[in-house]
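The structure follows.
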Amino acid sequence: MSDRYNGKETWEEWSKEWKLEDRYNFKSIEKKWQAIWEKEKAYKVEIDKNKEKFYALVEFPYPSGAGLHVGHPRSYTALDVIARKKRMQGFNVLYPMGFDAFGLPAENYAIKTGVHPAVSTKANIANFTKQLKSIGFSFDWDRCINTCDPEYYKWTQWMFIKFFEKGLAYKDKIAINWCPSCKVGLANEEVVNGHCERCGAEVIRKNKEQWMIAITKYADRLINDLDGLDFIDRVKSQQVNWIGRSEGAELDFGLTLSDGTELKDKKLTVFTTRPDTAFGVTYMVLAPEHAYVSELADKFENAQEVKAYVEATAKKSELQRTMDDSKTGVELKGIKARNPYNGALIPVFISDYVLTGYGTGAIMAVPAHDQRDYDFAKVFGLPIIQVLEGGDISEKAWEEDGAHINSDFMNGMNKEDGMRSAIDYAEKHGFGRSKVNFKLRDWVFSRQRYWGEPIPMVYCEKCGWQPIPESELPLTLPEVPDYHPNDEGESPLSKAGDWLNAKCPKCGGHARRETDTMPNWAGSSWYFLRYCDPHNDKEFASKEALDYWMNVDWYNGGMEHTTLHLLYSRFWHKFLYDCGLVPTKEPYNKRTSHGMILAENGEKMSKSRGNVINPDDIIDAYGADTFRLYEMFIGPFDQVAMWSDDSLMGVYRFVSKVYALFKKVYKLEPSTQDLRAMHKCILEVTERIDQMRFNTAVSSLMTYVNYLSSLEKIPAELYMTLLKLLSPFTPHLAEEMWARIGKNTLIVAESWPQGDAKLAQDDEVTIAVQICGKMRGTIVMPKDASNADVEATALALDNVKRQLEGKEIKKIIVVPNKICNIVA
RNA sequence: GCGGGUGUGGUGAAAUUGGUAGACACGCCAGACUUAGGAUCUGGUGCCGCAAGGUUUAAGAGUUCGAGUCUCUUCACCCGCACCA
């Protein structure tokens, strides 16, 4: 205990040395308490079935060379406040931290400097750890994990093999998004407006054989299971939007050559959300990449023209293709399609406004009721047949509801009935079926890079792709002569020499290893499970640990991960659930998101702008407690906030004030008024932390401190309560003053104060007096005064009398303890 | 175009969910005390007005005794998706 009293054995001895006029020495105080917490393992947590658990989680950082920026601690402090409060409220709190340590920056650094990624990553993790500890977060450091540790990625690889065994991981050659700058394939989720999410280079299309994971099989469940979750709305709606479910029908159109012969073995299948408009189809369009364009090439009378268009399209980047909404295309002369509803023969085009990856890569065009088809029809002079009443078809397409016309059996029906009846008809005649489509694509899972988990697969000429036996896990990263990826898209691992040779686990013959690695989203897809049991070398986590700790009760992280990490990890967890490996369907009960912190002028902080605030500098100049408190006070937690040195100063003053207030603390009975202020503060702070309204929680504390400042002498109970309420925000200061007041316990292990609403109530209230809703004065009344008393007092006000002169009072509305409104 | 959100002093913002708009803090103004400390303390501070008073939550309309809050219309900005048939 002696370190608690600054080297002295007792508080009495220590107190003789105090010089309270001294300024608040946060440097030595914060260091001292961090050492004590570490020594006493104040935040270590174990399974305790007698206590209710609470699992608080923040997204673990990528340990970049730049170190922590001020954005990280916004999220970490918020959940630290929540975790600390929950702990004081008696919960068994798991609040872990780790490092998402695979990734491109370490590899690029290696290319530049020759330093092995493992070496620079280790150094960065050491730096991050030091920084995080200097802020005084209540993480259980014994559970710290690191995704690039073979003991960790062993299980990432193990899970990949599970995906493979269940048929959800497969190799496929498709056109993927390729970043020419990073020289790496990207998942759909990693492409932002046609640019690489990481480096900003324009993404091109490249045909490459890739490992894919069938996330689309879970599309429906990923939408439906959001229902029971406490996620903020924008997260839910963004995920739903991204998955992009749409209901419609698949319809088969016949194909006919110009001489009238039917192509019996070829059907042109399209997906449509508007089967009811089938009688308005006047042409068909294929994506230039559609298989039929090459398969039927010898049937086209204008094969040269078609070929030229296909090639021109291939040269366009994704971005150019989406930016340019003018319609181009080429008719496939020599073939016609037959509308199965009315037998009409219609022309077939190729055009780049039809996308290859969605639906069947072919559409039936209904220019009268789809604006894109309308635009195309206008360019090519195609007929426009209206089949629903409404709008002005000479101006633009009519996409709303209406009564069907020119539609045979659907005539007179509205959109909804028409759709049902069109699908029924198609099903009865065997040329269509109802169908649900998603925008979500399967997850492109291989990366042509070094610094990632090796994919634990080998290829045998005889047996095909085989997973390596579990006994060979982890498959560790080999040394390579250099880390450069090449333009052909080969991973640096292809230069790994002997490592490439393996034995086929099935036939024992020669096999070669997969040289691509996993994306940086792999390790983070299940890390919250590992925290439950981080040192287990038999399983990724024991059933007991998972049963006790899961789910994550509260997960806070950035909006930028909504359709990346958050979606991937929900999917990954559902897969493990289906395998019987985790006890729950969803990993996270509650998801919140913090706003970004911008520079003082509202710009994004960036190295190139030179406006980055380094947490180390702030902590050095003002201390961790001021930094933490400022991060909470800066503004509404879920909104963007601008850094302000001036506001930071105000928080620093507050912290110093709390320190200085100690001079005035005496053993005294608190007055009713004192208790009122105290209980009001307890109630407000408690409620506002739960609602993540940290900025107003801090306001409450400030109001309370202002009250304490106004007292001659502060009763000890009031000050001790302040320290407890403050401890989640400014734990070092709270701990120090708790010791100074003579306590030899840790305040972080104390219990959270109980607010009493009755004691918090005022016995007098100020009631606003209004005439016809306009404020004319206020009256002070005893709480719960009778309406009659309130009316009488209000009517006696001079201003009220003056205003009411010559008017007749129609009625008086009294809202108890709030308002007296006189209607005249 | 679709989805989500925001709009309140010089600034960051608050408002018990329909009941005194601007809490708390920054900044600014005035004063005090001290001297060199990113001081501290006291008072003031939405706007117009000397004042009584008037006026004020992007703009407009509506519901209501009463609207920052609810409804409708318009405008502006931010985020995500985007030729998804």
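The values are calculated or read from the model by the stated rules, or taken from the named source; none is laboratory data. Here the structure is a predicted model, which means the values were calculated and not measured. We place every Cβ from the backbone using ideal geometry, glycine too, and count neighbours over all the protein chains shown. Surface accessibility is based on the protein's heavy atoms, side chains included, excluding ligands, DNA and RNA. Shrake-Rupley method; radii C 1.70, N 1.55, O 1.52, S 1.80 Å.
As a test question: what accessible area, to the nearest 10 Å², does A:His195 have when a 1.4 Å probe is rolled over all protein chains in place?
Probe radius 1.4 Å; accessible area of A:His195 about 60 Å².
Let me have the relative contact order for the range A:106-204, percent, based on Cα pairs under 8 Å that are six or more residues apart. Don't skip to the end; give the middle numbers.
On the way: 57 pairs, mean separation 12.3, N = 99.
So the answer I get is 12 percent.
Calculate how steeply helix A:672-690 sits against the longest principal axis of the alpha-carbon atoms of chain A, using the helix alpha-carbon long axis, and give the answer as 0 to 90 degrees to the nearest 10.
Approximately 20 degrees, to the nearest 10.
Between the helical axis of A:117-135 and the dominant principal axis of chain A, each derived from Cα atoms, what acute angle in degrees is found, rounded to the nearest 10?
Relative to chain A, helix A:117-135 is tipped by roughly 30 degrees.
Please give the per residue volume of the convex hull enclosing the alpha carbon atoms of the range A:297-368, rounded to a whole number of Å³. Can you show the working numbers first?
Details: hull volume 8.2 nm³, N = 72.
About 114 Å³ per residue, rounded to a whole number.
Determine how many Å³ per residue the convex hull of the Cα atoms of the range A:51-91 encloses.
Hull volume over Cα atoms, normalised by residue count, gives 63 Å³.
Toward the positive end of the charge dipole of the range A:299-442, about the Cα centre and with charges on Cβ (Lys, Arg +1; Asp, Glu -1), which of A:Tyr309, A:Gly329, A:Ala397 goes farthest?
A:Tyr309
If you don't mind, another one. Dividing the alpha-carbon Rg of the range A:369-477 by 2.2 N^0.38 Å yields what? Kindly include the intermediate steps, with their values, before the conclusion.
Details: Rg = 26.0 Å, N = 109, 2.2 N^0.38 = 13.1 Å.
Relative to the rule-of-thumb radius for its length, the range A:369-477 sits at 1.99.
Output the Cα-based Rg and Dmax of the range A:704-779 in Å, rounding Rg to one decimal and Dmax to a whole number.
Cα-based Rg and Dmax for the range A:704-779 come out at 18.5, 60 Å.
How big is the range A:461-500 in terms of Cα radius of gyration and Dmax, in angstroms?
12.7, 35
For the range A:1-134, just the Cα atoms, rotate onto the principal axes and tell me the three extents in Å, largest first.
60, 41, 23
Taking a probe of 1.4 angstrom, what is the accessible area of A:Asp798 in Å², to the nearest 10?
Result for A:Asp798: roughly 110 Å² accessible.
Please determine, in degrees from 0 to 90 and to the nearest 10, the orientation of helix A:645-661 with respect to the longest principal axis defined by the Cα atoms of chain A, where the helix direction is its Cα long axis.
The helix A:645-661 is inclined about 40 degrees to chain A.
With a probe of 1.4 Å, find how much accessible area the range A:705-804 has per residue, and write the answer as a whole number in Å².
Numbers: 4490 Å² over 100 residues.
Heavy-atom SASA per residue in the range A:705-804 reads 45 Å².
Among the GluC sites (Glu not before Pro) within the range A:441-518, which fall in a DSSP loop and have no more than 16 other Cβ atoms within 10 Å of their own Cβ?
Values: sites: A:Glu461, A:Glu470, A:Glu472, A:Glu479, A:Glu488, A:Glu490, A:Glu514; in loops: A:Glu461, A:Glu479, A:Glu488, A:Glu490, A:Glu514.
Qualifying residues, ordered by number: A:Glu461, A:Glu479, A:Glu488, A:Glu490.
May I have the extent of the alpha carbons of the range A:339-402 along their three principal axes, as whole Å values ordered from largest to smallest?
Largest to smallest, the principal-axis extents are 32, 25, 23 Å.
Out of all Cα-Cα pairs in the range A:623-723, roughly what percent, to the nearest whole number, are more than 25 Å apart? Before the final figure, lay out each step's value.
Values: 1105 of 5050 pairs.
I get 22 percent for the Cα pairs in the range A:623-723 exceeding 25 Å.
For the range A:127-201, what is the accessible area per residue in Å² when the probe is 1.4 Å?
Numbers: 2660 Å² over 75 residues.
Ligands and nucleic acids excluded, the result is 35 Å² per residue.
For A:Lys590, give me every one of the lysines with a C-alpha distance below 22 angstrom, ignoring sequence neighbours fewer than eight places off in its own chain.
Filter leaves A:Lys51, A:Lys53, A:Lys85, A:Lys86, A:Lys236, A:Lys574.
Excluding residues on the same chain fewer than 8 positions from A:Lys607, give the lysines whose Cα lies under 29 Å from its Cα.
Correct list for A:Lys607: A:Lys27, A:Lys112, A:Lys122, A:Lys130, A:Lys133, A:Lys183.
Cα-based Rg of the range A:611-667 per 2.2 N^0.38 Å, rounded to two decimals? Let's see the in-between values first.
Working: Rg = 13.4 Å, N = 57, 2.2 N^0.38 = 10.2 Å.
Normalised Rg, Cα atoms only: 1.31.
In the calculated pair distance distribution of the range A:416-538, what percentage of Cα-Cα distances lie above 23 Å?
Numbers: 4016 of 7503 pairs.
When all Cα pairs of the range A:416-538 are counted, 54 percent exceed 23 Å.
May I ask you to give the percent of accessible area on chain A that is carbon plus sulfur, with a probe radius of 1.4 Å? Kindly include the intermediate steps, with their values, before the conclusion.
On the way: 17730 of 36190 Å².
Of all accessible area on chain A, carbon and sulfur atoms account for 49 percent.
In terms of the Cα gyration tensor, with a ≥ b ≥ c the square roots of its eigenvalues, is the range A:476-565 rounded because a/c is under 1.5, prolate because a/b exceeds b/c, or oblate?
Values: a/c = 3.15, a/b = 1.60, b/c = 1.96.
Cα axes put the range A:476-565 in the oblate bin.
Rg (Å, one decimal) plus Dmax (Å, integer) for the alpha carbons of the range A:554-607?
Computed over the Cα atoms of the range A:554-607, radius of gyration and Dmax are 15.8, 51 Å.
Against the globular-protein guess of 2.2 N^0.38 Å, express the Cα radius of gyration of chain A as a ratio, rounded to two decimals.
Values: Rg = 34.0 Å, N = 824, 2.2 N^0.38 = 28.2 Å.
The reported ratio for this selection is 1.21.
Something else about it: Semi-axes of the range A:648-794's equivalent ellipsoid from the Cα gyration tensor, sqrt of 5 times each eigenvalue, largest first, rounded to whole Å? The partial results should precede the final answer.
Values: eigenvalues 233, 57, 42 Å².
Whole-Å semi-axes of the equivalent ellipsoid: 34, 17, 15.
Excluding same-chain residues fewer than 8 positions from A:Lys439, which aspartates and glutamates have a Cα within less than 14 Å of its Cα?
Reachable aspartates and glutamates: A:Glu189, A:Asp220, A:Glu247.
Find the accessible area per residue for the range A:245-309; the probe is 1.4 Å, ligands and nucleic acids are left out, and the unit is Å².
On a per-residue basis, 42 Å².
Give me the Å³ per residue figure for the convex hull around the C-alpha atoms of the range A:75-205. Don't jump to the answer; show the numbers that get you there.
Values: hull volume 23.1 nm³, N = 131.
Expressed per residue, the convex hull around the Cα atoms of the range A:75-205 is 176 Å³.
Here is a further query. In debye, nearest 20, what is the charge dipole magnitude of chain A about its Cα centre with +1 on Lys and Arg Cβ and -1 on Asp and Glu Cβ, if you could check? Mind dumping the intermediate values first?
Numbers: 105 positive and 117 negative charges, 255 e Å.
Dipole size: approximately 1220 debye.
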